[in-house]
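Asks: Quick one: the structure is below, and I'll ask about it shortly.
The values are calculated or read from the model by the stated rules, or taken from the named source; none is laboratory data. Note that the structure is a prediction, hence the values are computed from the model and not measured. Here the Cβ is made from the backbone with ideal geometry for all residues, glycine too, and neighbour counts use every protein chain on show.
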Amino acid sequence: MKTLRRSLPTVSLDTNVVSLLAAVVALVVFAIDAFTPLDIAVAVFYVVVVLLVASTGNRAATHGAAWGCVVLTLLGFVLSHDDAYSSGAVARCVVSLLAIATTSILALRNLAATATLQEQVELLNLEHDAIVVHDMNDRVTFWNRGAEALYGWTAQQALERSEALLRDAQRLSRTGSIAVRFPEGEMWWSDEAYRIFDYARETVPSVAAILARTYPDDRALVLGVFEQAAGGASQVDVEHRLAMPDGSVKHVHYVAYLTTTQSGEREYVGALMDVTETKRAQEALARSNDELAHVTRITMLGELAASIAHEVTQPIAAILTCGAAALRWLNRPTPELDEAAQSVAQMIRDAKRADEVIQRIRSVAKRRDRLPATVDVNAIVGESIELVRAELERHRIELHVDLAAPSLMACCDRVQLQQVMINLILNSVQAMAEAAGPRKLTIVTRQFDDGQAQVIVQDSGMGISQENAGCLFNPFFTTKAEGMGMGLSICRSIVEAHGGGIWAESPQAGGAVLQFILPVDEGRCHEQ
C-alpha cells in the first residue's frame, strides 16, 4: 500500500442533494438579508452556499454559485435600504462580499489541487495498489480503488472532505454552526462554535453550557429564545454577549431556521457569528461621529455669533432701561412703589431670559456622550428658533410655525436634536439668501404614524436639483463655495443613531422640504 500525506480536503457529496441544500440556504439568507431589519452582515452566510456547491467537486458550478451569491448580496442590499445607504450598511455589504470572494477563491484552489492530485494518482493507480492520502492531522482525505478494495471503504467517508472545507471557512469568517433537535434538546456544535464559546472539544453541547458563558444581563434573553424554539418558532434570531473566563466580553449573533428530519423530529440549524470586532468598529465610528458633531456645533456657534450677541444684548438692554425707570419712580417726591415694582419684575423677567439664552448656548457647546432622555419635540423646535431668530430677521425670513397638539414626546439626546434643527433651519436660510421672491420658512411637527414623530422644515429657495438629490446627505458634499458639506451628513448620523430617518424632497411649487422622523417615546428611555 502506498501512503501519501497532504493538507487537501476530500471528495464530493451527492450532487443533487447538495445543490438542493445550497439553493435552500441561499434563499433563506436572501430573505433574511433583504426583508428583515437586521443591522448585521447576514450575507456572510452565503459562504455556506459556496462551500456546499464546492463540495460537489464541480468547478463551473462553484464559479456560478460564487457569482450568484455576489448578485444576491447586492440585490438584498438595494432592496433593504430604499436609496438611503448609511456608512454602516455599506461596510457590512463590503465585508460580506469579501467573505464570499475569499471563500470562493480558497474553494476553487482546493478543487484545482484535488483535480491535479487525482490525475497524478490515475497514472499510478494500478488495480492492486492501495493509495491513501492523509492530511496534516492524519485524517484520510483520498483513496484509490485498491485502497477501497483493501479496506472496504465507502463514499460516506468523503464527508470528511466537506467537513474540512467548512471548518476552514468557519475559522476564516468566525462563524460556527449550532444545531438543536427537539423535543430532546440534543445539541451539536462545530469546531468554530467550540472556539467562540472557549470550551474544550470534550464538552457536551447544551443550553446550560451556553448559559454558563452568557453575560448575566443577557441570560433571560437567551432563555426566552430557547423557549421560543421549543415552542416551534419558524426562525430564531438573537444577539447577545458572552462573559469569557479571562474577563473579556464577546458579542455573538445566532440565526437559525426550523427543519424537519426524516424521522419527523424538529431541528434548528443555524450559524453563530462572533461579531465582537464589528461591534467595536461600530462603537469607534459612533465616537468619531460624536467628535465630529461636537466640532460642527462649535463651528455653528461661531457662525451664529451675531445672532447670539443679539439675543443676549436685548434682555440686558431691557434690564438697564427698567432699572433706570425703577430708580426714577423711587426718587420722586412721592415714590411710585407700584410702578417701581413693575419695573423690577420686568428686570427679573429679562434676566431670566438672558440666562436661558446663555444656558442654551452652553448646552450646545458642551462636549459629552449622547444622553437619551424623554424630550418635548415642540420645545426643542422653539428653543432652536430662538437661537437663530436674529439670523432669520437679518435675512428677512417670514417664519410660519405649526406645532402638533398635544406635543409629541421622543426619546433622544436634547442637544443633538437641537443641533439637527439648527442645521436644517440655517440650511434653509442660506438656500433663500439669493431668492428674489418672498422668503418663507415653514416648520411643522406632527404625528407620522402610531410610533413616530415627524418634523418638517420647508423653504422657498431654489430647491434641489435632480443631480444633487441622491448625494445631498453625503459627507463633504456641498453646493456652497465656503461650505464644508458636513451639516446634513451630521444630521443624518444623529437621526439614524436615534432609530429615525431623514430625507429631502423638492415639491413642484418650488423650494425644498427637509424632514425627519423619530420614534415616539413609549418607555424606551426607561428601558435604556
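Asks: Between Gly68, Gly64, which is of a type outside the set (A, V, I, L, M, F, W, C) and free of Cβ contacts under 8 Å to residues at least 12 places away in the same chain?
Replies: Sole residue among the options that is of a type outside the set (A, V, I, L, M, F, W, C) and free of Cβ contacts under 8 Å to residues at least 12 places away in the same chain: Gly64.
Asks: Of all residues in the range 64-86, how many are assigned to a helix (DSSP H, G or I) and surrounded by 15 or more Cβ atoms within 10 Å (Cβ to Cβ)?
Replies: Narrowing the range 64-86 to residues assigned to a helix (DSSP H, G or I): 64-79.
This time we only want the ones that are surrounded by 15 or more Cβ atoms within 10 Å (Cβ to Cβ), so: 65-66, 68-70, 72-73, 76-77.
Residues that pass the stated criteria total 9.
Asks: With the condition being assigned by TED's automatic domain parsing to the domain that holds Ala497 and of a type in the set (Gly, Ala, Ser), I'd like the helices (runs of 4 or more DSSP H) fully within the range 385-478 carrying at least 2 qualifying residues. If you could, list the steps in order and put the result at the bottom.
Replies: Values: elements: 389-394, 414-431, 466-469.
Qualifying helices (runs of 4 or more DSSP H): 414-431.
Asks: Answer yes if at least one residue in the range 419-431 is closer than 20 Å to Ala373 by Cα and either surrounded by fewer than 19 Cβ atoms within 10 Å (Cβ to Cβ) or not aliphatic (A, V, I, L, M) (or both), and no otherwise.
Replies: yes
Asks: For the range 192-242, which positions are surrounded by fewer than 16 Cβ atoms within 10 Å (Cβ to Cβ), among the acidic types (Asp, Glu) and in a helix (DSSP H, G or I)?
Replies: Selection gives Asp217, Glu227.
Asks: For the range 389-414, how many residues meet the condition of being of a type in the set (Val, Ile, Thr) and surrounded by fewer than 21 Cβ atoms within 10 Å (Cβ to Cβ)?
Replies: Residues meeting the conditions: 1.
Asks: A further question on this structure: Between a residue in the range 330-355 that is of a type in the set (Asp, Glu) and any residue that is surrounded by 12 or more Cβ atoms within 10 Å (Cβ to Cβ) and at pLDDT 85 or above, which pairs come within a Cβ distance under 6 Å, given they are 6 or more apart or on different chains?
Replies: Listed by first residue and then by second, the contacts come to nothing, as the list is empty.
Asks: Take the conditions modelled with pLDDT under 85 and in contact with a Lys or Arg (Cβ under 6 Å, 6 or more places away or on another chain) and apply them to Asp413. Does it pass? Write out each step before concluding.
Replies: Details: modelled with pLDDT under 85: yes; in contact with a Lys or Arg (Cβ under 6 Å, 6 or more places away or on another chain): yes.
In short, yes.
Asks: Here is a further query. Asn16 passes all but one of (1) touching a helix residue (DSSP H, G or I) at 6+ places or on another chain (Cβ under 9 Å); (2) of a type outside the set (A, V, I, L, M, F, W, C); (3) surrounded by fewer than 21 Cβ atoms within 10 Å (Cβ to Cβ); which number fails?
Replies: Failing condition for Asn16: (1).
Asks: Further question on the same structure: Does Lys279 satisfy the condition of being in a helix (DSSP H, G or I), on the phi < 0 side of the Ramachandran plot and surrounded by 13 or more Cβ atoms within 10 Å (Cβ to Cβ)?
Replies: So Lys279 fits the description; yes.
Asks: Continuing with this model, one more query. Counting just the residues of the range 374-384 that are in a helix (DSSP H, G or I) and not β-branched (Val, Ile, Thr), which one comes out farthest from Pro315 (Cα to Cα)?
Replies: Asn378
Asks: May I pose another question? Name the residue, out of Ala158, Ala149, that is touching a His at 6+ places or on another chain (Cβ under 9 Å), at pLDDT below 85 and in the same structural domain as Phe45 (by TED's automatic domain parsing).
Replies: Ala149
Asks: Could we say that Glu383 is surrounded by 14 or more Cβ atoms within 10 Å (Cβ to Cβ) and either within 23 Å of the chain's Cα centre (by Cα) or at pLDDT 80 or above (or both) here? Steps first, answer last, please.
Replies: Details: surrounded by 14 or more Cβ atoms within 10 Å (Cβ to Cβ): yes; either within 23 Å of the chain's Cα centre (by Cα) or at pLDDT 80 or above (or both): yes.
Taking the combined requirement at face value, the residue satisfies it.
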